[in-house]
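Notes follow once the structure below has been shown.
The values are calculated or read from the model by the stated rules, or taken from the named source; none is laboratory data. Keep in mind it's a predicted model, so treat the numbers as computed, not measured. Neighbour counts run over all protein chains shown; Cβ positions are idealised from the backbone, glycine included. Heads up: the accessible areas ignore ligands, DNA and RNA and are worked out on the full protein's heavy atoms, side chains in. Shrake-Rupley method; radii C 1.70, N 1.55, O 1.52, S 1.80 Å.
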Amino acid sequence: MSTQSEVSHSIGATIPAEVSRRLKRRYAAERRFQAYGIGAIMIGLMFLLIMFVSIIQAGLPAFQETRIRLDVELPADKFPDDPAEQTAEGMRLVGWTGLIQQAIRDQLQPETRADALAMHKLLSPNAEVGLRDIVVADPSLIGKSVSVWLLAAGDVDAIVKGTMSRDVPETQRTINDRQLTFIDTLEEQDRLRSQFAFTLFSAGASSYPESAGIGVALVGSLYMMLVVLCLALPIGVAAAVYLEEFAPKNRWTDVIEVNINNLAAVPSIVFGLLGLAVFINFVELPRSAPLVGGLVLTLMTLPTVIIATRAALKAVPPSIREAALGIGASKMQSIFHHVLPLAAPGILTSIIIGLAQALGETAPLLMIGMVATVFTYPETPMDPATALPVQIFMWSGLPERGFVARTSAGIMVLLTFLIFMNAVAVYLRKKFERRW
């Protein structure tokens, strides 16, 4: 008997110890899993922070531009006498380059022809456009000497911002020592300044980084988003309402639902090929037109809008429908008077997220020719234009130093729009969301 009691006591002491060890291992495994999850989140945030910091560091210089102040003589005999011809087109043949070169020679007094050539390269080749715009805006300046701030060349801009070192040997710089002397002279005369780069937001494409901007691309993207909004919202919501509330559950609707889900996972470049084949080759719409880009992005956005809208409709409790039908409302009235208003936050969120997705697409737009270089603003959705992500893509392939900053600046602007649109979607959902 004593032996049996000793064995029972031994077993009773052993079992709690084993359970305790198992509990410790279970809790340790849970803590390790939590640590792994927190570590994964921290690593993701670290890479995200590195990406944002690198983009901002590279893009901030593009938001500043360097300008040179010159006293330019505008002799009346070089301009048309008729005020009706004193327009940008009428004064296109005026020798703007000669006027600017004469002004900088008078200011810096070059000693040799080589000095004069080096001095002329201090100004952007598009500085004449800025001078022309000033005179066109105020023709009363003709016949006078006017002091204007003209855009400096990209190399001068890089020296002033410090993105190009002036301490390296001359053979390793794209700007020579004589030009550095001219820059120092202009600084001493208070004729050199840095200011906010309005050109970045007002100009179009250019082969010179200091005069390239995203203005045309922003207008093209705006036209495309208007087309997407006007088409994807009514078509997507109507299709979702029909499939969720009215369509019979049979083989055909099952096929349609499967295809919609599959289309949501199709690579975006496929929609570009579809747009090229249908809208350009078959319908013969113009290439590079925001209308075509908007149609292609609508096709790409529709599956996302339909799926998200159906999910929002499903989230409305069946009791809402049953109560509406119980008091005599028709099925149409119960859907449009009760269900849709309650599902509106989810629908609005799906539309905004779809627009944000469309705004950042590049591949389908490349297929329909929106990669063309466009210098003027499109007046209608049928005029040639480009889009912001396509403009960023084109800048990224150019070798000039200034386009590196322009590319990062374009990415910063695009990310700002995307973050803003997603923030609006979250705000609308939180503000109008109802919990059942």
Checklist outcome for this item: Candidates Ile142, Ile50, Ile352; GNM for the chain (alpha-carbon contacts under 10 Å) flags as most fluctuating Ile50
Checklist entry - Within segment 177-257, which trypsin sites (Lys or Arg not before Pro) sit in a loop by DSSP and count at most 13 neighbouring Cβ atoms inside 10 Å? => result Lys249
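Can you give me the accessible area per residue for the chain, using a 1.4 Å probe, in Å²?
Values: 24020 Å² over 436 residues.
Roughly 55 Å² per residue, with all protein chains present.
Please go through segment 82-123 and write out the GluC sites (Glu not before Pro) that DSSP classes as loop and that have at most 11 other C-beta atoms within 10 Å. Intermediate results must be reported in sequence, preceding the final value.
Working: sites: Glu85, Glu89, Glu111; in loops: Glu89, Glu111.
Those that pass, being in a loop and sparsely packed, are Glu89, Glu111.
Can you tell me the FRET efficiency between Val136 and Ala323 if r is taken as the Cβ-Cβ distance and R0 is 56 Å, rounded to the nearest 0.05?
Working: r = 67 Å, r/R0 = 1.19.
FRET efficiency, Val136 to Ala323: 0.25.
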Checklist entry - What 222 nm value per residue comes from the helices of the chain, counting each DSSP H run with n ≥ 4 as -39,500 (n - 2.57) and dividing by all residues, nearest 500 deg cm²/dmol? => result -20000 deg cm²/dmol
Next on the checklist: For a quick check, take a GNM of the chain with Cα springs below 10 Å and name the residue from Ile411, Ile214, Ile134 with the largest mean-square fluctuation.
Outcome noted: Ile134
Next on the checklist: I'd like the carbon and sulfur percentage of the solvent accessible area for the chain, probe radius 1.4 Å, heavy atoms only, ligands and nucleic acids excluded.
Outcome noted: 63
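Could you compute the net charge surrounding Thr174? Neighbours are other residues with a C-beta less than 15 Å from the C-beta of Thr174; K and R count +1, D and E count -1.
Details: positive: Lys121, Lys161, Arg166, Arg173, Arg178, Arg401; negative: Asp155, Asp157, Asp167, Glu170, Asp177, Glu210, Glu400.
That sum, taken over residues with Cβ under 15 Å, equals -1.
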Item to check | ³J(HN,Hα), Karplus 6.51/-1.76/1.60, whole Hz, each residue of segment 53-59, x for Gly, Pro | outcome: 5, 5, 5, 5, 4, 6, x
Item to check | Pairwise label distance in nanometres, Gln57 with Arg113, each label 7 Å out on the Cα-Cβ vector | outcome: 4.6
Next on the checklist: Could you tell me which residue out of Ala40, Gly354, Pro399 lies farthest along the dipole of the chain toward its positive end? Charges go on the beta carbon: Lys and Arg +1, Asp and Glu -1, centred on the Cα centre.
Outcome noted: Ala40
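Tally Lys and Arg at +1 and Asp and Glu at -1 over the other residues with C-beta under 15 Å from the C-beta of Val278: what net charge comes out? Please report the intermediate quantities before stating the final value.
On the way: positive: Arg287; negative: Glu284.
Every neighbour counted, the sum reads 0.
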Item to check | DSSP-assigned coil residues among trypsin sites (Lys or Arg not before Pro) in segment 107-146, each with at most 13 further Cβ atoms within 10 Å | outcome: Lys144
Checklist entry - Taking only the alpha-carbon positions of the chain and ignoring solvent, what does the Debye formula give for the base-10 log of I(q)/I(0) at q = 0.07, 0.10 Å⁻¹? => result -0.57, -0.90
Checklist entry - Among Leu366, Leu23, Leu123, which one shows the biggest mean-square fluctuation in a GNM of the chain, springs joining Cα atoms closer than 10 Å? => result Leu23
